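Notes follow once the structure below has been shown.
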Amino acid sequence: MNRAAKHKPRSSLFGPLGLFLLLALALFAPQNRVWAFSVSAVPGVGSIAAASPTFVGENYDPFRYDPSGYTVAPNTTVWSKNPLTRGSDIESTLARTDYKDWFNVGQLDKGKFPLVDFQRGNNLVSLKSVDTTGSRWMKSMQDHIRDLGTRGATVGGNPASMILDLRVQPGGAQAASSLGEFGKKFGVNVVIKEFP
């Protein structure tokens, strides 16, 4: 007798038992429970909010579900994003506002153009965003200023005027203020502005 005719292929790996085990795991494993958070403002602290867990049945809205697994706070600012995303977002915003009349060099080479982001006339601007509450940003910015001042960038064969536009979080400008004097040593005009 033909063995292939006797044994039908199974549609699932474990059949009904596997389905039961999968359902049991989904219902009883703590890491698989879905929770939502209700958020309330904390007085006097600004945009920080307190979260208290509530069962998803009370607050679940299928159209607002974010399957990425990250909790997104209301009023999320650019400063809560990772540095690369933050930098791209700030550059995009400034390209439409402060630098709308400048050529966005940073858009070239799939956003990986080295050293500078904007150009107008003989001026080259390197845009950086820094969260001054971190610990290693100062040395990194000093190294970048040295690089801007010593690369010998030119526009149309003439030496370029190098500008570092440093955008910091609200309240962070004072921490970065010493970079202005540091930039003068290397012929780099350092502009420090808080970005909302």
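Data table
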read-out: Theoretical FRET efficiency, 1/(1+(r/R0)^6), r = Cβ-Cβ of residue 151 and residue 178, R0 22 Å, to 0.05; value: 0.50
read-out: Derived scalar couplings ³J(HN,Hα) [the stretch 93-107; Karplus, 6.51 cos²θ - 1.76 cosθ + 1.60; whole Hz; x for Gly, Pro]; value: 5, 5, 5, 8, 10, 4, 10, 5, 9, 9, 7, 7, 4, x, 7
read-out: The stretch 79-194, Cα convex hull volume normalised per residue, Å³; value: 99
read-out: Phi to ³J(HN,Hα) by Karplus 6.51 cos²θ - 1.76 cosθ + 1.60 over the stretch 126-133, Hz, x for Gly, Pro; value: 9, 9, 10, 10, 9, 8, 6, 7
read-out: Potential extension, residue 98-residue 140 segment - 0.36 nm per residue separation minus Cα distance; value: 12.7 nm
read-out: Karplus-derived HN-Hα couplings along the stretch 186-191 (A = 6.51, B = -1.76, C = 1.60, θ = phi - 60°), whole Hz, x at Gly and Pro; value: 10, x, 10, 7, 9, 10
read-out: The stretch 101-135: trypsin sites (Lys or Arg not before Pro) in DSSP loop, at most 13 other beta carbons within 10 Å; value: 112
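Rule-based calculations on the coordinates, nothing more; no lab input. As the structure is a prediction and not an experimental result, all values here were calculated from the model. A quick note on method: Cβ atoms are made from the backbone with ideal geometry, for glycine too, and the neighbour counts reach across all protein chains shown.
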